[in-house]
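Okay, so here's the structure we're looking at.
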Amino acid sequence: QVQLVESGGGLVQPGGSLRLSCAASGTIFKPYATDWYRQAPGKQRELVATITRGGSTIYADSVKGRFTISRDNAKNTVYLQMNSLKLEDTAVYYCKLNNLGATYWGQGTQVTVSS
């Protein structure tokens, strides 16, 4: 069983930055891939960024050049550094981990970009 806990969300002005964290605990087969998703009110959940088992990174076009996903293997933590935030980045952000054939989601962390 794997538990994921996100943190780092909050209220930020347009152009600002936030760093989200996704801490994993439990029985985890390393290395593991992790995704960050987000869901805005009234919209479907969308994939924002992925870090693969090998450490490659993939981004949605909407965040490319502004967001950076990274992983600290020693801490079992994946980060999402978000810069140049826009109003449309407002959403609940979730991390997702696939491990040994099972999929795990965190509880989500709210990011609100507002002036």
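The values are calculated or read from the model by the stated rules, or taken from the named source; none is laboratory data. Not measured: the values here are computed from a predicted model. With ideal geometry, Cβ positions are generated from the backbone for all residues, glycine too; neighbour counts draw on all protein chains shown. In case anyone asks, the SASA skips ligands and DNA or RNA and just uses the protein heavy atoms, side chains included. Shrake-Rupley method; radii C 1.70, N 1.55, O 1.52, S 1.80 Å.
Structure summary
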read-out	value
Residue match in region 52-65 (condition: in a loop (DSSP other than H, G, I, E, B), open to solvent by less than 40 Å² (accessible area, probe 1.4 Å) and in contact with a Pro (Cβ under 8 Å, 6 or more places away or on another chain))	yes
Pick from region 81-95, criterion touching a Gly at 6+ places or on another chain (Cβ under 8 Å) and open to solvent by less than 30 Å² (accessible area, probe 1.4 Å), ranking: nearest to Gly15 (Cα to Cα)	Leu85
First in region 95-114 and basic (Lys, Arg), second anywhere and at pLDDT 95 or above and open to solvent by 80 Å² or more (accessible area, probe 1.4 Å), Cβ under 7 Å, 6 or more apart	Lys96/Trp105
Residues of region 96-114 satisfying the condition of being more than 13 Å from Gly15 (Cα to Cα) and among the polar types (S, T, N, Q)	Asn98, Asn99, Thr103, Gln107, Thr109, Gln110
Hits in region 17-34 (condition: modelled with pLDDT of 85 or more and either open to solvent by 30 Å² or more (accessible area, probe 1.4 Å) or more than 12 Å from Leu4 (Cα to Cα) (or both))	Ser17, Leu18, Arg19, Leu20, Ala23, Ser25, Gly26, Tyr32, Ala33
Residue under evaluation Ala40, criteria (1) more than 23 Å from Gln1 (Cα to Cα); (2) open to solvent by 40 Å² or more (accessible area, probe 1.4 Å); (3) among the small types (Gly, Ala, Ser), criterion not met	(2)
